[in-house]
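The values are calculated or read from the model by the stated rules, or taken from the named source; none is laboratory data. No experiment lies behind these values; they were computed from the predicted model shown. Don't worry about glycine lacking a Cβ; one is built from the backbone with ideal geometry, like all the others, and counts go over all protein chains shown. To get the accessible areas, we keep the full protein, side chains included, count just its heavy atoms, and leave off ligands, DNA and RNA. Shrake-Rupley method; radii C 1.70, N 1.55, O 1.52, S 1.80 Å.
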Amino acid sequence: MSHTPYRFRFAKLARQFTLPLLAALAPVLVGVPLMLWQAERELVGQTQESFDYALRKVESIFDYAETATHQVRYLVGAPCKSAVFTLRQQSMATPFVRSLNLVRDGQVYCTSLEGARLFPEQSQNYSAGRLRLMAGNLVTPERALIVFRLPTPGGSVLAGIDGQYVVNALQLTGNDLSLSLQIGDYQLDADGSVSPTPWITSDNVSERASSRYPFRLRATLAPGSLNRTLESYFLPILGLLILCGTLVFWLMLKRRSPTEELERALRDGEFVPYYQPIVDADADRWDGAEVLVRWRHPVEGVIPPDQFIPLAESSGLIVPLTQALMQQVRRELSTRLEQLPHGFHIGFNLSAAHCHDWRLLDDCREFLAAFPPGRIILVLELTEREPFRATPHTFRLFERLREMGILIALDDFGTGSVGLDYLRHFRVDSLKVDRSYVAMADEDVLSQHLFDNIVDLAQRLSLTVIAEGVETPAQNAYLRDHGVHHLQGYLYARPAPLRDMLARLKSPPSRAASESRSACPDLR
(Lines give C-alpha, C1' and ligand atoms only; values in the text may rest on other atoms or scores of the structure.)
Protein backbone atom coordinates (compact mmCIF):
# COMPACT_ATOMS: atom_id res chain seq x y z
CA MET A 1 0.00 0.00 0.00
CA SER A 2 1.38 3.40 -0.92
CA HIS A 3 2.03 5.85 1.87
CA THR A 4 2.29 8.86 -0.45
CA PRO A 5 -1.06 10.43 0.67
CA TYR A 6 0.06 10.23 4.27
CA ARG A 7 3.40 11.82 3.46
CA PHE A 8 1.62 14.55 1.50
CA ARG A 9 -0.75 15.19 4.38
CA PHE A 10 2.15 15.31 6.80
CA ALA A 11 4.00 17.75 4.53
CA LYS A 12 0.94 20.04 4.46
CA LEU A 13 0.62 19.94 8.22
CA ALA A 14 4.33 20.64 8.57
CA ARG A 15 4.10 23.71 6.33
CA GLN A 16 1.09 25.00 8.19
CA PHE A 17 2.57 24.57 11.64
CA THR A 18 6.21 25.46 10.92
CA LEU A 19 5.95 29.24 11.36
CA PRO A 20 3.64 29.13 14.43
CA LEU A 21 5.85 26.45 15.95
CA LEU A 22 9.01 28.47 15.38
CA ALA A 23 7.32 31.52 16.88
CA ALA A 24 6.16 29.44 19.84
CA LEU A 25 9.64 28.02 20.38
CA ALA A 26 11.29 31.44 20.12
CA PRO A 27 10.64 32.43 23.79
CA VAL A 28 12.03 29.08 24.94
CA LEU A 29 14.97 29.07 22.50
CA VAL A 30 15.90 32.59 23.55
CA GLY A 31 14.89 32.28 27.17
CA VAL A 32 16.73 29.06 28.05
CA PRO A 33 20.22 30.37 27.08
CA LEU A 34 19.42 33.59 28.95
CA MET A 35 18.37 31.57 31.99
CA LEU A 36 21.56 29.51 31.79
CA TRP A 37 23.58 32.69 31.54
CA GLN A 38 21.65 34.22 34.43
CA ALA A 39 22.05 31.05 36.51
CA GLU A 40 25.79 31.12 35.95
CA ARG A 41 25.83 34.78 36.95
CA GLU A 42 23.80 33.86 40.01
CA LEU A 43 26.37 31.25 41.01
CA VAL A 44 29.21 33.69 40.37
CA GLY A 45 27.40 36.28 42.46
CA GLN A 46 26.86 33.82 45.29
CA THR A 47 30.53 32.86 45.16
CA GLN A 48 31.63 36.48 45.27
CA GLU A 49 29.33 37.18 48.21
CA SER A 50 30.76 34.17 50.05
CA PHE A 51 34.29 35.31 49.24
CA ASP A 52 33.57 38.83 50.46
CA TYR A 53 31.99 37.67 53.70
CA ALA A 54 34.63 35.05 54.50
CA LEU A 55 37.51 37.41 53.65
CA ARG A 56 36.12 40.09 55.92
CA LYS A 57 35.57 37.59 58.71
CA VAL A 58 38.99 35.92 58.50
CA GLU A 59 40.79 39.24 58.08
CA SER A 60 39.02 40.58 61.16
CA ILE A 61 40.27 37.54 63.12
CA PHE A 62 43.83 38.26 62.01
CA ASP A 63 43.29 41.95 62.82
CA TYR A 64 42.68 41.01 66.45
CA ALA A 65 45.79 38.82 66.43
CA GLU A 66 47.85 41.63 64.92
CA THR A 67 46.56 44.10 67.51
CA ALA A 68 47.38 41.71 70.34
CA THR A 69 50.93 41.06 69.07
CA HIS A 70 51.56 44.80 68.72
CA GLN A 71 50.40 45.32 72.30
CA VAL A 72 53.09 42.96 73.68
CA ARG A 73 55.93 43.34 71.19
CA TYR A 74 57.88 45.51 73.68
CA LEU A 75 58.19 42.38 75.85
CA VAL A 76 60.41 40.56 73.35
CA GLY A 77 63.73 39.89 75.14
CA ALA A 78 62.25 40.48 78.60
CA PRO A 79 62.45 37.61 81.14
CA CYS A 80 59.47 35.26 80.88
CA LYS A 81 58.82 35.51 84.62
CA SER A 82 58.08 39.21 84.32
CA ALA A 83 56.33 39.01 80.90
CA VAL A 84 54.03 36.01 81.26
CA PHE A 85 51.36 37.81 83.30
CA THR A 86 50.97 40.49 80.62
CA LEU A 87 50.87 37.85 77.88
CA ARG A 88 48.07 35.98 79.67
CA GLN A 89 46.16 39.14 80.40
CA GLN A 90 46.35 40.29 76.76
CA SER A 91 45.42 36.89 75.27
CA MET A 92 42.40 36.64 77.54
CA ALA A 93 41.29 40.16 76.58
CA THR A 94 41.66 39.64 72.80
CA PRO A 95 38.92 37.77 70.87
CA PHE A 96 39.95 34.71 68.82
CA VAL A 97 43.50 34.68 70.29
CA ARG A 98 44.21 31.50 72.24
CA SER A 99 47.81 32.23 73.22
CA LEU A 100 50.62 34.76 72.90
CA ASN A 101 54.27 33.71 72.60
CA LEU A 102 57.61 35.52 72.72
CA VAL A 103 60.51 34.52 70.42
CA ARG A 104 64.18 35.39 70.85
CA ASP A 105 67.11 34.14 68.78
CA GLY A 106 64.80 31.77 66.82
CA GLN A 107 63.52 30.11 70.00
CA VAL A 108 60.12 30.39 71.64
CA TYR A 109 61.03 31.03 75.26
CA CYS A 110 57.82 32.26 76.85
CA THR A 111 54.10 31.36 76.27
CA SER A 112 50.93 32.61 77.89
CA LEU A 113 49.77 29.01 78.32
CA GLU A 114 52.82 27.29 79.84
CA GLY A 115 55.10 30.09 80.90
CA ALA A 116 58.82 29.49 80.33
CA ARG A 117 59.38 27.05 77.51
CA LEU A 118 62.04 26.57 74.92
CA PHE A 119 61.37 25.19 71.41
CA PRO A 120 62.25 26.26 67.85
CA GLU A 121 60.19 28.96 66.15
CA GLN A 122 60.68 27.49 62.61
CA SER A 123 60.14 30.85 60.93
CA GLN A 124 60.76 29.27 57.51
CA ASN A 125 57.37 27.52 57.77
CA TYR A 126 55.46 30.82 57.85
CA SER A 127 53.85 32.12 54.68
CA ALA A 128 55.45 35.48 53.92
CA GLY A 129 56.93 35.24 57.39
CA ARG A 130 53.52 35.97 58.99
CA LEU A 131 51.05 33.07 58.93
CA ARG A 132 51.32 29.35 59.57
CA LEU A 133 48.61 26.68 59.38
CA MET A 134 49.05 23.65 61.64
CA ALA A 135 46.90 20.55 62.06
CA GLY A 136 47.33 20.84 65.84
CA ASN A 137 49.90 21.18 68.62
CA LEU A 138 50.76 19.53 71.94
CA VAL A 139 47.88 21.26 73.71
CA THR A 140 45.18 20.49 71.08
CA PRO A 141 46.64 17.85 68.74
CA GLU A 142 43.29 17.20 66.95
CA ARG A 143 42.30 20.81 66.38
CA ALA A 144 43.60 23.13 63.68
CA LEU A 145 45.76 26.02 64.79
CA ILE A 146 46.73 29.17 62.92
CA VAL A 147 49.77 31.11 64.14
CA PHE A 148 50.08 34.82 63.43
CA ARG A 149 53.70 36.10 63.55
CA LEU A 150 54.79 39.70 64.11
CA PRO A 151 58.53 40.17 63.49
CA THR A 152 60.35 42.57 65.86
CA PRO A 153 63.94 43.87 65.95
CA GLY A 154 64.88 41.41 68.68
CA GLY A 155 62.77 38.42 67.60
CA SER A 156 59.01 38.07 67.10
CA VAL A 157 55.62 37.67 68.75
CA LEU A 158 53.40 34.70 67.92
CA ALA A 159 49.61 34.67 68.37
CA GLY A 160 47.88 31.29 68.35
CA ILE A 161 44.37 31.34 66.84
CA ASP A 162 41.92 28.51 67.30
CA GLY A 163 41.15 27.16 63.82
CA GLN A 164 37.48 26.66 64.73
CA TYR A 165 36.89 30.39 64.47
CA VAL A 166 38.02 30.34 60.85
CA VAL A 167 36.03 27.13 60.20
CA ASN A 168 32.90 28.89 61.42
CA ALA A 169 33.46 31.63 58.84
CA LEU A 170 34.02 29.08 56.07
CA GLN A 171 30.78 27.27 56.87
CA LEU A 172 28.51 30.28 56.36
CA THR A 173 27.87 29.55 52.67
CA GLY A 174 25.17 27.80 50.63
CA ASN A 175 24.93 24.04 50.29
CA ASP A 176 26.35 24.12 46.75
CA LEU A 177 29.51 26.04 47.70
CA SER A 178 32.38 24.94 49.93
CA LEU A 179 35.20 27.24 51.05
CA SER A 180 38.70 26.44 52.22
CA LEU A 181 41.51 28.59 53.64
CA GLN A 182 44.95 28.22 52.04
CA ILE A 183 48.11 29.27 53.85
CA GLY A 184 51.34 28.23 52.24
CA ASP A 185 51.21 24.61 51.15
CA TYR A 186 48.28 23.65 53.39
CA GLN A 187 44.59 24.31 53.44
CA LEU A 188 41.92 24.33 56.13
CA ASP A 189 38.59 22.92 54.93
CA ALA A 190 35.11 23.76 56.20
CA ASP A 191 35.04 20.46 58.13
CA GLY A 192 38.07 21.55 60.19
CA SER A 193 40.58 19.23 58.57
CA VAL A 194 44.04 20.35 57.46
CA SER A 195 45.66 18.84 54.39
CA PRO A 196 48.22 19.70 51.73
CA THR A 197 46.77 22.11 49.16
CA PRO A 198 45.74 20.10 46.05
CA TRP A 199 46.51 21.30 42.55
CA ILE A 200 43.10 21.80 40.95
CA THR A 201 42.21 23.33 37.60
CA SER A 202 38.45 23.25 37.09
CA ASP A 203 35.65 25.58 36.08
CA ASN A 204 33.96 24.73 39.38
CA VAL A 205 36.89 26.10 41.44
CA SER A 206 37.76 29.76 41.97
CA GLU A 207 40.14 31.53 44.33
CA ARG A 208 40.42 34.92 46.02
CA ALA A 209 43.58 36.22 47.72
CA SER A 210 43.58 38.58 50.67
CA SER A 211 45.21 41.94 49.98
CA ARG A 212 46.23 42.32 53.63
CA TYR A 213 47.40 38.92 54.82
CA PRO A 214 49.20 36.03 53.08
CA PHE A 215 46.26 33.65 52.68
CA ARG A 216 43.81 32.68 49.94
CA LEU A 217 40.25 31.42 49.90
CA ARG A 218 39.24 28.67 47.49
CA ALA A 219 35.59 28.13 46.54
CA THR A 220 34.42 24.83 45.03
CA LEU A 221 30.97 24.41 43.50
CA ALA A 222 29.28 21.08 44.10
CA PRO A 223 28.39 18.93 41.03
CA GLY A 224 24.93 19.77 39.67
CA SER A 225 24.86 23.19 41.33
CA LEU A 226 23.90 24.86 38.04
CA ASN A 227 20.91 22.56 37.63
CA ARG A 228 19.81 23.14 41.21
CA THR A 229 20.08 26.89 40.73
CA LEU A 230 17.93 26.62 37.60
CA GLU A 231 15.35 24.58 39.48
CA SER A 232 15.31 26.95 42.45
CA TYR A 233 15.20 30.27 40.66
CA PHE A 234 14.23 29.75 37.02
CA LEU A 235 11.92 26.74 36.79
CA PRO A 236 8.83 28.95 37.21
CA ILE A 237 10.18 31.29 34.53
CA LEU A 238 10.70 28.33 32.19
CA GLY A 239 7.11 27.29 32.78
CA LEU A 240 6.00 30.83 31.98
CA LEU A 241 8.05 30.81 28.76
CA ILE A 242 6.45 27.53 27.70
CA LEU A 243 3.02 28.96 28.48
CA CYS A 244 3.81 32.09 26.44
CA GLY A 245 5.06 29.94 23.56
CA THR A 246 1.87 27.88 23.65
CA LEU A 247 -0.20 31.06 23.63
CA VAL A 248 1.77 32.45 20.68
CA PHE A 249 1.29 29.14 18.82
CA TRP A 250 -2.45 29.21 19.41
CA LEU A 251 -2.78 32.88 18.48
CA MET A 252 -0.85 32.45 15.24
CA LEU A 253 -3.08 29.57 14.24
CA LYS A 254 -6.29 31.28 15.27
CA ARG A 255 -5.50 34.94 14.59
CA ARG A 256 -3.95 34.53 11.16
CA SER A 257 -5.85 36.81 8.80
CA PRO A 258 -8.55 34.96 6.82
CA THR A 259 -6.95 35.95 3.51
CA GLU A 260 -3.56 34.59 4.62
CA GLU A 261 -5.23 31.37 5.71
CA LEU A 262 -6.92 31.03 2.31
CA GLU A 263 -3.59 31.63 0.55
CA ARG A 264 -1.93 28.99 2.71
CA ALA A 265 -4.72 26.49 2.06
CA LEU A 266 -4.47 27.15 -1.67
CA ARG A 267 -0.71 26.52 -1.61
CA ASP A 268 -1.21 23.32 0.37
CA GLY A 269 -3.92 21.97 -1.94
CA GLU A 270 -6.60 21.81 0.74
CA PHE A 271 -9.46 22.78 -1.61
CA VAL A 272 -10.97 19.64 -3.12
CA PRO A 273 -13.83 19.04 -5.57
CA TYR A 274 -17.13 17.50 -4.53
CA TYR A 275 -19.61 16.43 -7.22
CA GLN A 276 -23.40 16.64 -7.06
CA PRO A 277 -25.02 14.82 -10.01
CA ILE A 278 -27.77 16.35 -12.18
CA VAL A 279 -30.57 14.05 -13.30
CA ASP A 280 -32.48 13.93 -16.56
CA ALA A 281 -35.62 12.59 -14.89
CA ASP A 282 -37.51 12.18 -18.16
CA ALA A 283 -34.88 9.77 -19.54
CA ASP A 284 -34.02 8.42 -16.05
CA ARG A 285 -30.32 8.98 -16.56
CA TRP A 286 -27.47 10.94 -15.03
CA ASP A 287 -26.89 13.97 -17.20
CA GLY A 288 -23.97 15.68 -15.45
CA ALA A 289 -22.65 17.06 -12.18
CA GLU A 290 -21.96 20.41 -10.60
CA VAL A 291 -18.49 20.76 -9.07
CA LEU A 292 -18.68 22.19 -5.55
CA VAL A 293 -15.53 23.08 -3.68
CA ARG A 294 -14.84 21.95 -0.12
CA TRP A 295 -12.03 23.02 2.17
CA ARG A 296 -10.37 20.09 3.94
CA HIS A 297 -8.76 22.00 6.77
CA PRO A 298 -6.17 19.94 8.68
CA VAL A 299 -7.54 21.17 12.02
CA GLU A 300 -11.17 22.20 11.44
CA GLY A 301 -12.08 19.35 9.09
CA VAL A 302 -14.28 19.84 6.01
CA ILE A 303 -15.48 23.47 5.68
CA PRO A 304 -18.51 24.22 3.43
CA PRO A 305 -18.15 26.82 0.65
CA ASP A 306 -20.51 29.43 2.12
CA GLN A 307 -17.90 30.04 4.84
CA PHE A 308 -15.01 30.92 2.51
CA ILE A 309 -16.23 31.58 -1.08
CA PRO A 310 -17.36 35.19 -0.34
CA LEU A 311 -13.94 35.94 1.12
CA ALA A 312 -12.22 34.28 -1.83
CA GLU A 313 -14.20 36.51 -4.19
CA SER A 314 -13.59 39.73 -2.27
CA SER A 315 -9.86 39.00 -1.88
CA GLY A 316 -9.31 38.08 -5.53
CA LEU A 317 -8.40 34.47 -4.69
CA ILE A 318 -11.47 33.03 -6.41
CA VAL A 319 -9.67 32.93 -9.79
CA PRO A 320 -6.63 30.86 -8.65
CA LEU A 321 -8.96 28.71 -6.52
CA THR A 322 -11.14 27.92 -9.57
CA GLN A 323 -8.04 27.24 -11.66
CA ALA A 324 -6.75 24.78 -9.08
CA LEU A 325 -10.20 23.15 -8.88
CA MET A 326 -10.44 22.73 -12.66
CA GLN A 327 -6.97 21.20 -12.79
CA GLN A 328 -7.84 18.74 -10.05
CA VAL A 329 -11.16 17.77 -11.68
CA ARG A 330 -9.38 17.30 -15.02
CA ARG A 331 -6.85 14.93 -13.44
CA GLU A 332 -9.54 12.99 -11.59
CA LEU A 333 -11.91 12.58 -14.53
CA SER A 334 -9.20 11.70 -17.05
CA THR A 335 -8.33 8.57 -15.04
CA ARG A 336 -11.99 7.47 -14.58
CA LEU A 337 -13.46 8.61 -17.87
CA GLU A 338 -14.73 5.15 -18.84
CA GLN A 339 -17.11 5.22 -15.85
CA LEU A 340 -18.91 8.38 -17.06
CA PRO A 341 -21.74 8.52 -19.63
CA HIS A 342 -20.88 10.03 -23.00
CA GLY A 343 -21.53 13.79 -23.11
CA PHE A 344 -21.46 14.07 -19.31
CA HIS A 345 -21.88 17.72 -18.23
CA ILE A 346 -19.39 19.13 -15.72
CA GLY A 347 -20.31 22.52 -14.29
CA PHE A 348 -18.12 25.07 -12.51
CA ASN A 349 -19.33 28.22 -10.77
CA LEU A 350 -18.03 31.37 -12.42
CA SER A 351 -17.44 34.68 -10.65
CA ALA A 352 -17.26 38.14 -12.23
CA ALA A 353 -13.54 38.21 -11.39
CA HIS A 354 -12.97 35.52 -14.05
CA CYS A 355 -14.01 37.97 -16.77
CA HIS A 356 -11.28 40.57 -16.19
CA ASP A 357 -8.86 38.98 -18.67
CA TRP A 358 -8.50 36.05 -21.09
CA ARG A 359 -7.10 33.50 -18.63
CA LEU A 360 -10.50 31.81 -18.41
CA LEU A 361 -10.20 30.80 -22.07
CA ASP A 362 -6.85 29.14 -21.45
CA ASP A 363 -8.17 27.34 -18.36
CA CYS A 364 -11.20 26.00 -20.26
CA ARG A 365 -9.13 25.03 -23.29
CA GLU A 366 -6.66 23.15 -21.07
CA PHE A 367 -9.54 21.39 -19.29
CA LEU A 368 -11.27 20.21 -22.49
CA ALA A 369 -7.97 19.14 -24.10
CA ALA A 370 -7.74 16.29 -21.58
CA PHE A 371 -10.82 14.54 -23.06
CA PRO A 372 -11.91 13.33 -26.50
CA PRO A 373 -14.22 15.81 -28.29
CA GLY A 374 -17.79 15.64 -26.98
CA ARG A 375 -16.86 13.22 -24.20
CA ILE A 376 -17.20 15.88 -21.49
CA ILE A 377 -19.41 18.98 -21.86
CA LEU A 378 -18.09 21.95 -19.89
CA VAL A 379 -20.72 24.20 -18.26
CA LEU A 380 -19.95 27.57 -16.65
CA GLU A 381 -22.52 28.75 -14.12
CA LEU A 382 -22.80 32.52 -13.60
CA THR A 383 -23.40 33.42 -9.97
CA GLU A 384 -25.12 36.58 -8.75
CA ARG A 385 -22.84 37.28 -5.79
CA GLU A 386 -20.87 39.76 -7.91
CA PRO A 387 -22.56 41.20 -11.04
CA PHE A 388 -21.08 40.52 -14.46
CA ARG A 389 -20.62 43.79 -16.32
CA ALA A 390 -21.98 43.97 -19.83
CA THR A 391 -18.80 45.23 -21.47
CA PRO A 392 -17.37 44.55 -24.94
CA HIS A 393 -14.70 42.42 -23.30
CA THR A 394 -17.31 40.28 -21.51
CA PHE A 395 -19.37 39.88 -24.70
CA ARG A 396 -16.29 38.79 -26.64
CA LEU A 397 -15.23 36.43 -23.88
CA PHE A 398 -18.61 34.68 -23.84
CA GLU A 399 -18.60 34.43 -27.63
CA ARG A 400 -15.21 32.74 -27.56
CA LEU A 401 -16.46 30.34 -24.86
CA ARG A 402 -19.50 29.40 -26.95
CA GLU A 403 -17.25 28.86 -29.98
CA MET A 404 -15.37 26.30 -27.87
CA GLY A 405 -18.66 24.44 -27.20
CA ILE A 406 -18.93 25.60 -23.60
CA LEU A 407 -22.44 26.07 -22.18
CA ILE A 408 -23.47 29.02 -20.02
CA ALA A 409 -25.96 28.64 -17.17
CA LEU A 410 -27.47 31.15 -14.73
CA ASP A 411 -27.03 29.82 -11.21
CA ASP A 412 -29.48 30.50 -8.34
CA PHE A 413 -31.91 32.17 -10.74
CA GLY A 414 -34.70 34.14 -9.08
CA THR A 415 -32.84 35.31 -5.98
CA GLY A 416 -32.00 38.76 -7.35
CA SER A 417 -32.70 41.24 -10.10
CA VAL A 418 -29.40 40.78 -11.93
CA GLY A 419 -30.58 37.42 -13.32
CA LEU A 420 -32.99 39.23 -15.64
CA ASP A 421 -30.19 41.59 -16.71
CA TYR A 422 -28.06 38.57 -17.60
CA LEU A 423 -30.87 37.22 -19.76
CA ARG A 424 -31.14 40.57 -21.50
CA HIS A 425 -27.42 41.02 -22.17
CA PHE A 426 -25.90 37.54 -22.43
CA ARG A 427 -26.71 34.43 -24.41
CA VAL A 428 -27.21 31.59 -21.95
CA ASP A 429 -28.22 27.95 -22.35
CA SER A 430 -29.96 27.08 -19.08
CA LEU A 431 -31.48 28.45 -15.90
CA LYS A 432 -30.85 26.85 -12.52
CA VAL A 433 -33.85 27.74 -10.36
CA ASP A 434 -32.85 28.57 -6.81
CA ARG A 435 -33.62 26.00 -4.12
CA SER A 436 -35.80 28.47 -2.19
CA TYR A 437 -38.47 28.23 -4.94
CA VAL A 438 -38.15 24.47 -5.15
CA ALA A 439 -38.54 24.07 -1.40
CA MET A 440 -41.95 25.80 -1.44
CA ALA A 441 -43.18 24.78 -4.89
CA ASP A 442 -45.45 21.99 -3.62
CA GLU A 443 -46.83 23.96 -0.64
CA ASP A 444 -46.97 27.73 -1.17
CA VAL A 445 -49.30 29.15 -3.83
CA LEU A 446 -47.25 32.33 -4.37
CA SER A 447 -44.05 30.29 -4.81
CA GLN A 448 -45.87 28.07 -7.29
CA HIS A 449 -46.91 31.11 -9.36
CA LEU A 450 -43.38 32.51 -9.32
CA PHE A 451 -41.93 29.15 -10.20
CA ASP A 452 -44.40 28.68 -13.07
CA ASN A 453 -43.45 32.10 -14.43
CA ILE A 454 -39.74 31.19 -14.38
CA VAL A 455 -40.41 27.92 -16.20
CA ASP A 456 -42.64 29.69 -18.72
CA LEU A 457 -39.94 32.33 -19.32
CA ALA A 458 -37.30 29.67 -19.88
CA GLN A 459 -39.49 27.77 -22.32
CA ARG A 460 -40.19 30.95 -24.30
CA LEU A 461 -36.43 31.57 -24.52
CA SER A 462 -35.71 27.90 -25.38
CA LEU A 463 -33.59 27.49 -22.21
CA THR A 464 -33.13 24.32 -20.23
CA VAL A 465 -34.47 24.55 -16.66
CA ILE A 466 -32.58 22.82 -13.85
CA ALA A 467 -34.17 22.71 -10.41
CA GLU A 468 -31.77 22.84 -7.47
CA GLY A 469 -32.39 21.53 -3.96
CA VAL A 470 -34.86 18.73 -4.75
CA GLU A 471 -35.28 16.87 -1.47
CA THR A 472 -38.72 15.26 -1.36
CA PRO A 473 -40.79 13.02 -3.65
CA ALA A 474 -43.55 15.67 -3.62
CA GLN A 475 -41.17 18.31 -4.96
CA ASN A 476 -39.92 15.84 -7.53
CA ALA A 477 -43.45 15.06 -8.73
CA TYR A 478 -44.47 18.73 -8.88
CA LEU A 479 -41.39 19.66 -10.92
CA ARG A 480 -41.88 16.86 -13.42
CA ASP A 481 -45.57 17.70 -13.79
CA HIS A 482 -44.59 21.26 -14.68
CA GLY A 483 -42.11 20.28 -17.36
CA VAL A 484 -38.88 20.44 -15.34
CA HIS A 485 -36.92 17.26 -15.96
CA HIS A 486 -33.37 18.27 -14.98
CA LEU A 487 -33.16 17.90 -11.25
CA GLN A 488 -30.44 18.26 -8.65
CA GLY A 489 -30.68 17.67 -4.91
CA TYR A 490 -30.37 15.39 -1.91
CA LEU A 491 -33.26 13.21 -3.14
CA TYR A 492 -30.88 11.83 -5.77
CA ALA A 493 -27.39 12.44 -4.37
CA ARG A 494 -25.51 14.61 -1.96
CA PRO A 495 -22.25 16.36 -2.92
CA ALA A 496 -19.46 13.80 -2.59
CA PRO A 497 -15.93 13.04 -3.77
CA LEU A 498 -15.54 11.50 -7.22
CA ARG A 499 -15.26 7.95 -5.89
CA ASP A 500 -18.64 8.17 -4.16
CA MET A 501 -20.30 9.88 -7.13
CA LEU A 502 -19.12 7.16 -9.51
CA ALA A 503 -20.55 4.54 -7.18
CA ARG A 504 -23.88 6.43 -7.27
CA LEU A 505 -23.84 6.58 -11.08
CA LYS A 506 -23.88 2.79 -11.29
CA SER A 507 -27.59 2.84 -10.39
CA PRO A 508 -30.28 4.72 -12.38
CA PRO A 509 -31.56 7.97 -10.81
CA SER A 510 -34.98 6.49 -10.05
CA ARG A 511 -33.40 3.78 -7.95
CA ALA A 512 -31.13 6.31 -6.24
CA ALA A 513 -34.19 8.41 -5.35
CA SER A 514 -35.97 5.34 -4.00
CA GLU A 515 -32.94 4.43 -1.86
CA SER A 516 -32.76 7.98 -0.53
CA ARG A 517 -36.42 7.92 0.47
CA SER A 518 -36.11 4.60 2.27
CA ALA A 519 -32.87 5.59 3.99
CA CYS A 520 -34.14 8.99 5.14
CA PRO A 521 -37.93 9.47 4.85
CA ASP A 522 -37.83 13.11 6.00
CA LEU A 523 -35.11 14.66 3.87
CA ARG A 524 -35.84 18.16 4.97
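Annotations
- So residue 428, is it open to solvent by less than 30 Å² (accessible area, probe 1.4 Å), of a type outside the set (D, E, K, R), in contact with a Phe, Trp or Tyr (Cβ under 9 Å, 6 or more places away or on another chain) and within 18 Å of residue 292 (Cβ to Cβ): no
- Exactly one residue out of 74, 53, 64 is open to solvent by 70 Å² or more (accessible area, probe 1.4 Å), touching a residue at least 12 places away in the same chain (Cβ under 8 Å), assigned to a helix (DSSP H, G or I) and touching a strand residue (DSSP E or B) at 6+ places or on another chain (Cβ under 9 Å): that is 64.
- Filter result for the condition that a residue is in contact with a Leu (Cβ under 6 Å, 6 or more places away or on another chain), over 30 Å from residue 271 (Cβ atoms) and either in a helix (DSSP H, G or I) or open to solvent by less than 50 Å² (accessible area, probe 1.4 Å) (or both), over 474, 458, 467: 458
- Selection from the stretch 496-512 of residues that are open to solvent by less than 30 Å² (accessible area, probe 1.4 Å) and within 16 Å of residue 473 (Cα to Cα): 509, 512
- Considering the conditions (1) under 27 Å from residue 320 (Cβ atoms); (2) touching a strand residue (DSSP E or B) at 6+ places or on another chain (Cβ under 8 Å); (3) open to solvent by less than 20 Å² (accessible area, probe 1.4 Å), residue 402 is excluded by exactly one of them, (3).
- Residue, surrounded by the fewest Cβ atoms within 10 Å (Cβ to Cβ), within the stretch 328-351, restricted to residues that are assigned to a helix (DSSP H, G or I) and out of contact with any helix residue (DSSP H, G or I) (no Cβ under 8 Å at 6 or more places or on another chain): 338
- Subset of the stretch 484-495 (residues that are over 30 Å from residue 328 (Cβ atoms) and either open to solvent by 40 Å² or more (accessible area, probe 1.4 Å) or among the polar types (S, T, N, Q) (or both)): 485
- Applying the condition of being open to solvent by 20 Å² or more (accessible area, probe 1.4 Å) and modelled with pLDDT under 90 to the stretch 270-295 and asking which residue is farthest from residue 471 (Cα to Cα) yields 283.
- Listed by position, the strands (runs of 3 or more DSSP E) enclosed by the stretch 261-324 that each have at least 3 residues that are closer than 26 Å to residue 406 by Cβ are 271-280, 285-297.
- Among the residues of the stretch 300-327, those that are open to solvent by 10 Å² or more (accessible area, probe 1.4 Å) and farther than 23 Å from residue 394 by Cβ comprise 300, 301, 302, 303, 304, 305, 306, 307, 311, 324, 327.
- Count - residues of the stretch 99-148 that are open to solvent by 60 Å² or more (accessible area, probe 1.4 Å), of a type outside the set (A, V, I, L, M) and farther than 17 Å from residue 214 by Cβ: 10
- Among residues of the stretch 296-311, those that are farther than 27 Å from residue 471 by Cβ and either in contact with a strand residue (DSSP E or B) (Cβ under 9 Å, 6 or more places away or on another chain) or among the hydroxyl-bearing types (Ser, Thr, Tyr) (or both), counted: 1
- Whichever residue in the stretch 380-399 is in contact (Cβ under 8 Å) with a residue 40 or more places away in the chain and either within 44 Å of the chain's Cα centre (by Cα) or open to solvent by 20 Å² or more (accessible area, probe 1.4 Å) (or both) and, among such residues, is farthest from residue 425 (Cα to Cα): 385
- Each residue in the stretch 80-89 was checked for being without any contact (Cβ under 8 Å) to a residue 24 or more places away in the chain and either open to solvent by 50 Å² or more (accessible area, probe 1.4 Å) or not in a helix (DSSP H, G or I) (or both), and 3 pass.
- Scope the stretch 156-179; condition at pLDDT below 95, crowded, with 22+ Cβ neighbours inside 10 Å and part of a strand (DSSP E or B); matching residues: 160, 161, 179
- Any pair with Cβ under 7 angstrom, 6 or more apart, that starts in the stretch 127-139 at a residue that is in contact (Cβ under 8 Å) with a residue 60 or more places away in the chain and ends at one that is among the small types (Gly, Ala, Ser) and surrounded by fewer than 19 Cβ atoms within 10 Å (Cβ to Cβ): 127/184; 133/184
- Residue match in the stretch 428-444 (condition: farther than 25 Å from residue 494 by Cβ, modelled with pLDDT under 85 and not acidic (Asp, Glu)): no
- Taking the criterion of being touching a helix residue (DSSP H, G or I) at 6+ places or on another chain (Cβ under 6 Å) and surrounded by fewer than 18 Cβ atoms within 10 Å (Cβ to Cβ), the only residue of the stretch 364-375 that qualifies is 370.
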